[in-house]
Amino acid sequence: MPTSNTFEQKKQFLFLFLCGLFLTNALIAEIIGVKIFSVETLLGANPAQLDIFGTKLDFNMSAGVVNWPIVFITSDIINEYFGKKGVRRISYLTAGFIAYMYIVIYATTSLPPAQFWLEVNSQDSHGNAMNIDGAFNQIFRQGLGIMLGSIVAFLIGQVLDVTVFSWLRRRTGGKYIWLRATGSTLFSQLVDSFVVIFIAFYLFGNWSVTQILQVGTINYIYKGCIALLTTPVLYGAHYLIDQYLGKENAHQLANEAAASSFTPM
């Protein structure tokens with residue numbers, strides 16, 4: 001069994017690693033989220049054409065969903081071993097960094113482009129004319145509505161996720177990891193899937209309520225499936241943490257988190 005000092009060092013490193021993983025993937029998801037891809041084409045399947053509120057829709061998703069499940073898995077692990085305070089601190093910090101990132105992006109897209117940069121990038125790989133500065137601005141400069149919707153949805157989703165996770169842990173007495181992790185994610189994503197597009201495209205755009213419900217439903221179905229499919233990853237993470245900290249120490253840390261007796265530095 002490791003000494004108390006060694007255990008404290010491992011515990012702090014684990015918290016820093018998880019927070020770094022959480023923050024990095026959240027920021028990456030925000031940056032790459034401007035690309036929309038077809039899930040059916042990726043899987044080599046026919047378009048889903050789901051009949052939702054009178055319209056047939058396919059699974060065309062933001063690229064941000066590729067690594068967003070890592071954010072929620074990491075959130076659940078932080079909650080499991082460091083409690084609600086740990087998750088809330090990194091969530092608020094991440095929201096602040098997301099806002100800072102958008103401010104920097106807006107500032108850089110306003111910088112005048114160098115003439116040689118425009119000239120050496122005047123054509124794409126197929127020889128077609130291209131405005132590299134216009135492409136840069138179009139990709140990185142998202143609207144205010146998307147920025148606000150993303151941050152608000154992120155914070156609401158995280159608060160709901162950590163609250164439901166903790167409630168289920170109390171109800172199950174620490175058993176059924178899959179239930180509290182998947183259950184909290186499914187509930188929080190139900191809200192997150194609709195809040196972000198409601199703010200971005202209804203309050204700041206011209207979408208109808210029907211369109212919000214249609215796209216939000218598609219997003220939630222996809223995120224729900226991913227949450228179920230990534231459950232084994234959560235168990236794998238618990239196994240690795242048990243090996244890193246020692247099973248007895250890992251269980252002690254989880255019990256302290258459940259009692260809210262540990263506050264990360």
Extension gain (nm, one decimal) between N46 and I103, 0.36 nm per residue minus Cα-Cα: 16.5 nm
Which of H251, H238, H126 is most accessible, then next, and so on - probe 1.4 Å: H126, H251, H238
Non-local amide H neighbours of A48 (under 5 Å, H modeled in plane, Pro and chain starts lacking H): which ones? F59
Highest GNM mean-square fluctuation, the chain, Cα pairs closer than 10 Å: which of Q252, Q189, Q214? Q252
Using all C-alpha to C-alpha distances in segment 4-261, build P(r) with 5 Å bins and read off the rounded percent in each one. 1, 6, 11, 15, 16, 14, 12, 10, 7, 5, 2, 1, 0
Which of K10/K223; K10/K175; K11/K85; K84/K223 have a Cα-Cα distance over 21 Å? K10/K223; K10/K175; K84/K223
Here the Kirkwood hydrodynamic radius of segment 48-185, Cα-based and in Å, equals 18.5
Got a number for the accessible area of T230? Probe 1.4 Å, square angstrom, nearest 10. 30
Cα→Cβ-extended label distance, 7 Å offset, between D133 and V209, nm: 4.5
Pairwise FRET efficiency - T231 versus L190, Cβ, R0 = 25 Å, nearest 0.05: 0.90
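The values are calculated or read from the model by the stated rules, or taken from the named source; none is laboratory data. On a predicted model such as this, the values are computed, not experimentally measured, just so you know. Don't worry about glycine lacking a Cβ; one is built from the backbone with ideal geometry, like all the others, and counts go over all protein chains shown. Only protein heavy atoms, including side chains, enter the accessible area calculation; ligands, DNA and RNA are left aside. Shrake-Rupley method; radii C 1.70, N 1.55, O 1.52, S 1.80 Å.
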